[in-house]
Amino acid sequence: MDFPCERISNSEEETKQLALEFLTELKSGDVVVLNGELGTGKTFFIKKITEALGIHNANSPTFALVNEYEGDLRIYHFDFYRINKEAELHDIGLEDYLADNEAIIFIEWGELFQNVLPKKRFEIKIEATGNEHRKFRFFKFS
């Protein structure tokens, strides 16, 4: 996968295949930020990646703020949607999670608190273009 790039998905199966393709780019220590309106498939995309890594209980951490999973790799899954202040992220130890080079970190709604995002990261912007149709834009920042 070359960055930046744009891909169109016309079904959940195509989104799953896109997630598996993106997974080949990931390694321990990577941070992936997913942005998009409610219902665009951020959590679905992450679930397909975690399933490929042997984790079958991934779900949205909207109320927990962060979920931790162990499979072939350790995964931290954040959701910034219900965070009101940046201080809340510091209170839950975001810096410690980001310092874990043995894990892959997914952050939904990262655009809400860009100040805390590491400079080195992937970003995926998802836009609904129809019932099951999505436009994915992939970026890599170093």
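Checked against (1) in contact with a helix residue (DSSP H, G or I) (Cβ under 6 Å, 6 or more places away or on another chain); (2) part of a loop (DSSP other than H, G, I, E, B), I49 passes all but a single condition, namely (2). Which one of the conditions (1) surrounded by fewer than 19 Cβ atoms within 10 Å (Cβ to Cβ); (2) under 23 Å from F139 (Cα atoms) does G36 fail to meet, given that it meets all the rest? Among (1) surrounded by fewer than 19 Cβ atoms within 10 Å (Cβ to Cβ); (2) under 23 Å from F139 (Cα atoms), the lone unmet condition for G36 is (1). Just to be sure, is R7 in contact (Cβ under 8 Å) with a residue 24 or more places away in the chain, under 22 Å from F138 (Cα atoms) and surrounded by fewer than 20 Cβ atoms within 10 Å (Cβ to Cβ)? Spelling it out, R7 is indeed in contact (Cβ under 8 Å) with a residue 24 or more places away in the chain, under 22 Å from F138 (Cα atoms) and surrounded by fewer than 20 Cβ atoms within 10 Å (Cβ to Cβ). In this structure, does K48 turn out to be in contact (Cβ under 8 Å) with a residue 40 or more places away in the chain and among the basic types (K, R)? For K48, the condition - in contact (Cβ under 8 Å) with a residue 40 or more places away in the chain and among the basic types (K, R) - is not met.
Given the residues N67, N84, which is the only one that is surrounded by fewer than 17 Cβ atoms within 10 Å (Cβ to Cβ), over 16 Å from A19 (Cβ atoms), without any contact (Cβ under 8 Å) to a residue 40 or more places away in the chain and of a type in the set (S, T, N, Q)? Matching residue, one of N67, N84: N84. On the stretch given as the range 72-110, residues that are more than 10 Å from the chain's Cα centre (by Cα) and either polar (S, T, N, Q) or on the phi > 0 side of the Ramachandran plot (or both) total 3.
Of the residues in the range 124-136, none is of a type outside the set (V, I, T) and over 13 Å from G41 (Cβ atoms). Screening A64 against (1) at pLDDT below 90; (2) under 13 Å from the mean Cα position of the chain (by Cα) leaves a single unmet condition, (2). Restricting the first member to the range 110-122 and to residues that are touching a residue at least 24 places away in the same chain (Cβ under 8 Å) and among the aliphatic types (A, V, I, L, M), and the second to residues that are surrounded by 17 or more Cβ atoms within 10 Å (Cβ to Cβ) and outside any helix (DSSP H, G or I), the beta-carbon pairs closer than 7 Å and six or more apart or on different chains are L112/F80; L112/I83; L117/V33.
Restricting attention to the range 119-139, the residues that are under 20 Å from L23 (Cβ atoms) and surrounded by 13 or more Cβ atoms within 10 Å (Cβ to Cβ) total 12.
The values are calculated or read from the model by the stated rules, or taken from the named source; none is laboratory data. Here the structure is a predicted model, which means the values were calculated and not measured. Every residue, glycine as well, gets a Cβ built from its backbone with ideal geometry; the counts of neighbours run over all protein chains shown.
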